[in-house]
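The values are calculated or read from the model by the stated rules, or taken from the named source; none is laboratory data. All figures in this text were calculated on a predicted structure; none of them were measured in a lab. Every residue, glycine among them, receives a Cβ derived from its backbone with ideal geometry; neighbour counts consider all protein chains shown. In case anyone asks, the SASA skips ligands and DNA or RNA and just uses the protein heavy atoms, side chains included. Shrake-Rupley method; radii C 1.70, N 1.55, O 1.52, S 1.80 Å.
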Amino acid sequence: MQKSLESELEPVNLPTGSIIAAAGRPVRVIYFPVDAVVSLLHTDDEGASAQVGLVGWDGMLGLGACFGAPHRSTALVLAGGLALRCNAQPLQDAFEHCPSVRRNILAWSGNLLGQAWQIALCNRHHAPAPQLCSLLLLVMDRGAHGELSMTHDLIARLLGLRRETISQAAMRVQERGYVRYTRGHIRVLDRQGLEEMSCGCWRSAALAPHMPPEPAVTTG
């Protein structure tokens, strides 16, 4: 059954900034990022939003398909790149009939829940600059390289903070020489410095095993 699922996967490119799922909509397509990174955003009735999870090579987008539920969050591509895509039905069949697939999906759902808990704690108790450092590390650990397209407005939306607060935090991080920020583009110059300045929450968001094992993907 797992081999059958792998045969349904097709490589696709996910452009930075694209929305590939909307909260409340049925799950029809599943994505397994390879080197793309996707942010899961939750929005309240007044339009305020914050990040509740990140999906990279360690996980999948479309978990609700296995539990008869719609997308719970809006999925925004933070770092564009390659992903593997399939229709929801083959994954539903594999979840029902293949124990190894089911174990990996349940492990990922637990990992995603742990992320949400850690993000809630971080947003409540940690200062903006360490939060920003942790965010950059989380994105890099899930497949992004040291070049990120992230405006201050977007970062503020992810962290649930004011843009002015993020601008001040970014200035502090840049003054230490850890990053260089120009017109919505962030270049990481010193990862160790980010780790030392971060609040450490990125370490607690442990990566789960990728599910399913990746088939060979070639690009011509």
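Residues of the chain: accessible area per residue at 1.4 Å, in Å²?
Computed with neighbouring chains in place, this is 49 Å² per residue.
Could you give the nm distance between label points at S149 and Q89, where each point is 7 Å from its Cα heading toward the beta carbon?
Inter-label distance under the simple model: 3.5 nm.
How large a share of the accessible area of region 137-196, in percent, is made up of carbon and sulfur atoms when the probe is 1.4 Å and the other protein chains stay in place?
44
Please work out whether region 49-147 counts as rounded, prolate or oblate from its C-alpha gyration tensor, where a ≥ b ≥ c are the square roots of the eigenvalues and a/c under 1.5 means rounded, while otherwise a/b larger than b/c means prolate and anything else oblate?
Since a/c reaches 1.5 and a/b is larger than b/c, the shape of region 49-147 is classed as prolate.
Pop a pseudo-label 7 angstrom from the Cα along the beta-carbon direction at both S18 and E195 and give the gap in nm to one decimal.
Rounded to a tenth, the inter-label distance reads 3.3 nm.
Past the 26 angstrom mark, what percentage of all C-alpha to C-alpha distances in the chain do you count?
So the pairs more than 26 Å apart make up 34 percent of the total in the chain.
Return, in residue-number order, each cysteine of the chain whose C-beta is not under 4.7 Å from any other cysteine's C-beta.
Cys with no partner Cβ under 4.7 Å: C66, C86, C98, C133, C199.
Explain nothing, just the number: dipole magnitude of the chain about its Cα centre with +1 on each Lys and Arg Cβ and -1 on each Asp and Glu Cβ, in debye rounded to the nearest 20.
Numbers: 19 positive and 19 negative charges, 60 e Å.
The calculated dipole for the chain is roughly 280 debye.
Any idea what the dipole of region 3-73 comes to, in debye rounded to 20, about its Cα centre with Lys/Arg Cβ at +1 and Asp/Glu Cβ at -1?
The dipole magnitude comes to about 180 debye.
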